[in-house]
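We did not get these values from a lab; they are worked out from the coordinates using the rules stated. Since this is a predicted model, take the numbers as computed values, not measurements. Here Cβ is always computed from backbone atoms with ideal geometry, including for glycine, and neighbour counts include all displayed protein chains.
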Amino acid sequence: MEELKNKVFILGLDGGTWKILDPLLQKGLMPNLKKMVEEGTKGTLRSTVPPLTPPAWTSFQTGVNPGKHGIFDFLGFDPTKKKTYVVNSNSIPLKTIWDIASNSGKKVITVNVPLTYPPKREPNRITIGCMLSPKENVDIVWPKEIFEKYIKRSGYKILGAYSTGSLKDSAIEAIINEATEVERARIEVSRRLMADYPWDLFMLQIQSTDHVQHFFSHYLDPDSPDFGSHKYALVSKFYQELDEEVGKLVQSLDENVTVIIASDHGFHYFKKYVNINPLLRTQGFLEESESLEVNVIEKCIKFLRRNKILMWSAKIFLSTSIQLKILAAVNNVNAKDWFRAKVFMPRGGIFASIFINDKVCLQSIQKKLLNY
Ligand SMILES: [Zn+2]
């Protein structure tokens, strides 16, 4: 039997799916990933239910399903306080793989792993927080010196300022360039951390795969009618650049490092978006809000949606975490009414979270939604 290697490097590709990656490998656009697959092995894993970033990466870190760790979405809901909140590392009630390894004396470094913000202030750990962190500041890292040495002047960004309302080639190129630069800086910081500090377990999470696919999966997904258009070449440039940077990083690792590439969920281009609340309302489970506060906030959001430039500005100048906090604030106002409802879906609970206050009506809700 081959001797076990004693260091592990994990690369997280958010939303990475063979459905999109395989054609890129076949076209020779990701030669380094292809080589790793040929020299190692690959498989398709089942995601969590629901298949979203926070529950899936939390299952990855804890080894249990969302029913046991309690993270189902970007927003959680506290039924006693009747409030929604943005999930973070404090929302995980269990030991993570990082806790177990570092408590056993192993040196652990994580860069951008979802739900590692706020960082655990423990020895044997170096953490750079994730996309659910606030803007880049000293609070997203542990130990504090990491911010000054690696983040402050390095061009490191938690997220790119992605925004799109246009599918012109120039708009696509701008997003792809931004995503490439964000991940190049992240990989460079990881490379420096690897060189400067001892480590046994290192995880680097690439988030822009998910963002690029949210914008452009209809060009990348072989099931989509838009697959294979000239825009495939524009979008696949991101994967080419990523492969080149990852390839350089992996080649620089010692022989004694085991490399694992992992993803959190698959991807499919959008055909339809279903807003569950109006459906629940027509079925008599959710009453329309009478609150003045709710109406004012909803009118503001509708106004922003009609004015694309303002909406883009909000997206550009506000981090995802701030956007989610605004959403949580809106939800909290709504929740005053929702808590009186038998069942509701917090707006912004992206695709999955229907909250049921009345257990008795669970079966009738299931029946009505399935028959809709
Ligand atoms: Zn994800």
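List of remarks:
- Of the cross-linked pairs K42/K248; K19/K168; K42/K135; K7/K42; K34/K149; K95/K237, those separated by over 27 Å at the C-alpha level are K42/K135; K34/K149; K95/K237.
- Model label zone, A195; criterion: amide N under 15 Å from point 7 Å along Cα-to-beta-carbon; scope the stretch 233-265: 248-254
- K168 paired with K95, simple spin-label distance in nm, labels 7 Å along Cα-to-beta-carbon: 5.6
- Dividing the Cα radius of gyration of the stretch 7-262 by its Kirkwood radius returns 0.95 for Rg/Rh.
- Arranged from fewest to most other beta-carbon atoms within 10 Å of their beta carbon, T80, T258, T44 become T80, T44, T258.
- Phi to ³J(HN,Hα) by Karplus 6.51 cos²θ - 1.76 cosθ + 1.60 over the stretch 233-250, Hz, x for Gly, Pro: 5, 5, 6, 5, 4, 4, 5, 4, 5, 4, 4, 5, 5, 5, x, 4, 5, 5
- Theoretical FRET efficiency, 1/(1+(r/R0)^6), r = Cβ-Cβ of K35 and I354, R0 41 Å, to 0.05: 0.40
- Once both labels are positioned 7 Å from their Cα atoms along Cα-to-Cβ, the gap between K19 and K135 label points is 3.7 nm.
- One equal scatterer on each Cα of the stretch 12-100, no solvent, Debye formula: the resulting log10 I(q)/I(0) at q = 0.15, 0.19, 0.22 Å⁻¹ is -0.70, -0.91, -1.05.
- Rounded to 0.05, the FRET efficiency of the K149 and K368 pair, given R0 = 51 Å and the Cβ-Cβ distance, is 0.35.
- When the convex hull of its Cα atoms is projected in every direction, mean area for the stretch 80-158 (nm²): 5.8
- Label-point separation, F270 to N103 (7 Å along Cα→Cβ), nm: 4.2
- With neighbour counts taken as other beta-carbon atoms within 10 Å, the residues S133, S104 rank, fewest first, as S104, S133.
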